[in-house]
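First the structure, in the form of structure tokens, and then the observations on it.
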Amino acid sequence: MKKTMAMMTVLMAWNGTALAAPLTFNTALPVSRGEFIVSEQLVINESKGSRTETSIVSTLVYGVTPDFALFGTMPYTNIDTGTADMQGMGDSKMFGRYTVYTDDFQGGTFRIAPFAGVKLPTNQDNTGTDSWDMFGGLVATYGSVAWEVDGQISYQANTEANNFEAGDIARADASLQYRLFPATLTATTDSFINGVLEANLIHKDKNKASGIENQNSGGTTLFLVPGLQYATERYVLEAGLQIPVIQNLNGTALENDYILHTGFRINF
Amino acid sequence: MKKLLLTTAATFLVAGNAIAADVQYNMRIDGITCPFCVATSAKALKEIDGVKKVGSDLEKGIIKVCADESVTFTDEQLTELFVEKGFTYRGMEKQEQCDPA
């Protein structure tokens, strides 16, 4: 349970562009060739008042070409269950995203980009799983000067390590970012404040220990995420609260209270 | 005195001709939606000798480049520059004076 919850926290904090991108997943907007973007996000995942997982998730993005970007995420996690306290590096992720469709137009763009990668067993002190897991999906973005919509579907196939196999994860995400300020653009506008509303539908299969399914694990959760972004020419500051509105979990699987996301992204 | 005045006037005339005027290129770029999109392109444009200021009109998808009149841009050069940034260059118009700051 601890391991899969740690995995979920990292999964929910892998956005990585300094553009007006979603808080809880990726975007199809471009990363310029040779450009680096660094993102730091504090994620606090509270479950039924009995378990708090706090992660600082660092993400590095590199534009190999205007269509192909590489992403790497590395979390540092503390898990406090009241009776135990674990702390250390979590599991890293590396993935590539390739833009297969681009339609640029005046004041906007539409892009579709599949992505694929691997989760690496880099955790210490049970702050992740020891398995190598593959994941992939498709993200699409329609962006304009006033608003942006992103949608993503993804699947993570988890493998067994040390007689434990976390359930596979399928998810569908949607995000709307709407410019609240300034209402009207001028020649001197160099920053936006965006209101953000996201939805994450996440299904987890049951975990297995020594090949036996844990009946008290896995299930389906729908989160809604209201948030705010302050986007400038060089950096983005952002915060959002992931609120579970539907939790259809198996057995006594631990329910979420909320997941707080706050952080910044900066380009070099 | 007459000689001095003539010399002074000639000096100002030569100096005046040597200082090039500024012109503005209004570049139509599709795909830019936010200040960051402009910033990454502005960084590349400012590396070109003679470019003095880069601004934008996001709603119209225009990047405004104020540069010394000796600077010349070609469609091929700008197409490549903006492709590298992830955007689409559509064309440009030259304006004889830069917009006031």
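Side notes on the structure shown:
- In the stretch B:22-47, the qualifying residues are those that are open to solvent by 10 Å² or more (accessible area, probe 1.4 Å) and touching a residue at least 60 places away in the same chain (Cβ under 8 Å), and the one that is nearest to the other protein chains (Cβ to nearest Cβ) is B:ARG28.
- Residue match in the stretch A:184-191 (condition: within 14 Å of another protein chain (Cβ to nearest Cβ), surrounded by 15 or more Cβ atoms within 10 Å (Cβ to Cβ) and without any contact (Cβ under 8 Å) to a residue 40 or more places away in the chain): yes
- Scope the stretch A:70-101; condition in contact (Cβ under 8 Å) with a residue 40 or more places away in the chain and within 14 Å of chain B (Cβ to nearest Cβ); matching residues: A:ARG97, A:THR99
- Residue pairs whose Cβ atoms lie under 6 Å apart, separated by 6 or more positions or on different chains, with the first residue in the stretch A:27-50 and more than 18 Å from A:SER175 (Cβ to Cβ) and more than 11 Å from every other protein chain (Cβ to nearest Cβ) and the second modelled with pLDDT under 90 and open to solvent by 50 Å² or more (accessible area, probe 1.4 Å), are A:PHE36/A:PHE268; A:SER50/A:GLY82.
- Just so you know, in the stretch A:240-257 the residues that are within 11 Å of A:LYS48 (Cβ to Cβ) and touching a residue at least 40 places away in the same chain (Cβ under 8 Å) include one that is surrounded by the most Cβ atoms within 10 Å (Cβ to Cβ), and it is A:ALA253.
- Subset of the stretch B:67-87 [touching a residue at least 12 places away in the same chain (Cβ under 8 Å), surrounded by fewer than 20 Cβ atoms within 10 Å (Cβ to Cβ) and not charged (D, E, K, R)]: B:SER70, B:VAL71, B:PHE73, B:LEU81
- Filtered residues of the stretch A:71-95 (kept if surrounded by 16 or more Cβ atoms within 10 Å (Cβ to Cβ) and under 16 Å from A:VAL118 (Cβ atoms)): A:PHE71, A:GLY72, A:THR73, A:MET74, A:PRO75, A:GLY90, A:ASP91, A:SER92, A:LYS93, A:PHE95
- Selection status of A:THR122, open to solvent by less than 10 Å² (accessible area, probe 1.4 Å), in contact (Cβ under 8 Å) with a residue 40 or more places away in the chain and either farther than 28 Å from B:VAL38 by Cβ or within 17 Å of the chain's Cα centre (by Cα) (or both): no
- Meets criteria (surrounded by fewer than 23 Cβ atoms within 10 Å (Cβ to Cβ), over 19 Å from the mean Cα position of the chain (by Cα) and among the hydroxyl-bearing types (Ser, Thr, Tyr)) for A:THR65: yes
The values are calculated or read from the model by the stated rules, or taken from the named source; none is laboratory data. Keep in mind that what you see is a predicted model, and the values were worked out from it rather than measured. Here the Cβ is made from the backbone with ideal geometry for all residues, glycine too, and neighbour counts use every protein chain on show. Accessible surface is based on the protein model in full, side chains and every heavy atom, while ligands, DNA and RNA are left aside. Shrake-Rupley method; radii C 1.70, N 1.55, O 1.52, S 1.80 Å.
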